[in-house]
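Student: This is the structure I want to talk about, given as structure tokens.
The values are calculated or read from the model by the stated rules, or taken from the named source; none is laboratory data. As the structure is a computational prediction, the values presented were derived from the model and not from experiment. Note that each Cβ is placed from the backbone with ideal geometry, even for glycine, and that neighbours are counted across all protein chains shown.
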Amino acid sequence: MATHSDSTFREGQSTIRPPFFDGNDYPYWKTRMRIYLQALDYEIWEIVCDGPFMPLIKNEVGEDIPKPSREWNELEKRKASLNSKAMNALFCALDKKEFHRVSSCESANEIWHKLEVVYEGTNQVKESKISRYTRQYELFQMEQNESVYSMYTRFTDIVNTLGALGKTFSNSEKVKKIIRSLPKEWRPKRTAIEEAKDLNILSIDDLIGSLISYEEDLAAERGNEEKKKSIALKAMKHESDEESELDEEEMDMLARRLRKLFKQSGERRKSRDLKNRKEKKEVIKCYECKKPGHIRTECPLLNKLKKRAMVATWDDSDEETSDSEEHQEMTNLALMAIGDELDDELDKVPQSRNGGEVP
């Protein structure tokens, strides 16, 4: 069950108490206060506009002078009391600051006029305000994406402010101004109103009602279009999702194939490198013993034979002899013996299947 605070309806302002004024939004308060005073008694509003009622009598020379209060009749007393009622209503409507501003005034007319001067200015200031708001009225246009209600509220604020300053417009002038302020997308409705209605007698309320009805039709059409677009976007998104899933599957398959190719390529490269290293290693052969795996300077057979030759040579050289020819002959015989031993060793090396020697 909805509580009072949750309700969309709120209490209206009191019809007994006057509208309160604290120095803000004087045109709004002025209009409401005028209606309040007229509702109390229309003669009270006349007292505010024209000044207090004062009974008069003629003196000896025929001049009008105030009538003594003791001589007032009942009607004169009632009319004279209207000024006090108006002053009381105005004082009750003002806050403390505004009350002190007008507390020295002697009549409701004086209070009203002083507030007008303070918040509307002198005649020169008033003319300046009228000129400024009139320009706003002339340049008034309905904004893009603005509702009819919001547009009419802005328009009413300008018109009411000008009315409070003394400048008013007829109903037909306001109707024509609102029609001219409609944006381009409202041109069909504008044309229909101008052709079907007499703008000189068309009330502004009927115009606003017709515009609000047309605005609701436009909103319904936009809603249908947006609904169709939403359905189309959902269908496109669904298709896009399906294509995306297919693309992901294709990408996964392609990635697997690439990984497989990279793996096979790496294995082939590794096998080729091993083969190249093996072939390179097998190509190295000793020129001395024809065995692979080392070069001539590292040949163990050659080093072994060299050591034997050196031992034999040095052993022979240790024997002192004076005959050089005998010494040379012995050296040559030693070398020949070394060569024969080398040939015997090489003959013992087995031959490979390809005709070369193997270790």
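Student: How about segment 8-36: which of its residues are surrounded by 16 or more Cβ atoms within 10 Å (Cβ to Cβ) and either part of a strand (DSSP E or B) or hydroxyl-bearing (Ser, Thr, Tyr) (or both)?
Tutor: If the condition is that a residue be surrounded by 16 or more Cβ atoms within 10 Å (Cβ to Cβ) and either part of a strand (DSSP E or B) or hydroxyl-bearing (Ser, Thr, Tyr) (or both), then 21, 26, 36 are the ones that fit.
Student: Still on this structure, please answer the following. Would you pick out the residues in segment 45-69 that are part of a helix (DSSP H, G or I) and modelled with pLDDT of 85 or more?
Tutor: 45, 46, 47, 48, 49, 50
Student: Another question, if that's okay. Please indicate, with yes or no, whether at least one residue in segment 37-51 is crowded, with 16+ Cβ neighbours inside 10 Å, more than 30 Å from residue 156 (Cα to Cα) and of a type outside the set (A, V, I, L, M).
Tutor: No, every residue in segment 37-51 fails to be crowded, with 16+ Cβ neighbours inside 10 Å, more than 30 Å from residue 156 (Cα to Cα) and of a type outside the set (A, V, I, L, M).
Student: Here is a list of conditions, (1) surrounded by 11 or more Cβ atoms within 10 Å (Cβ to Cβ); (2) aliphatic (A, V, I, L, M); (3) in a helix (DSSP H, G or I), and residue 75 meets all of them except one; can you say which number that is?
Tutor: Looking at each condition in turn, residue 75 falls short on (1).
Student: Does residue 136 satisfy the condition of being at pLDDT below 90 and either part of a helix (DSSP H, G or I) or more than 19 Å from residue 25 (Cβ to Cβ) (or both)?
Tutor: no
Student: Which condition breaks for residue 248 when tested against (1) among the charged types (D, E, K, R); (2) modelled with pLDDT under 70; (3) in a helix (DSSP H, G or I)?
Tutor: The number of the failed condition is (2).
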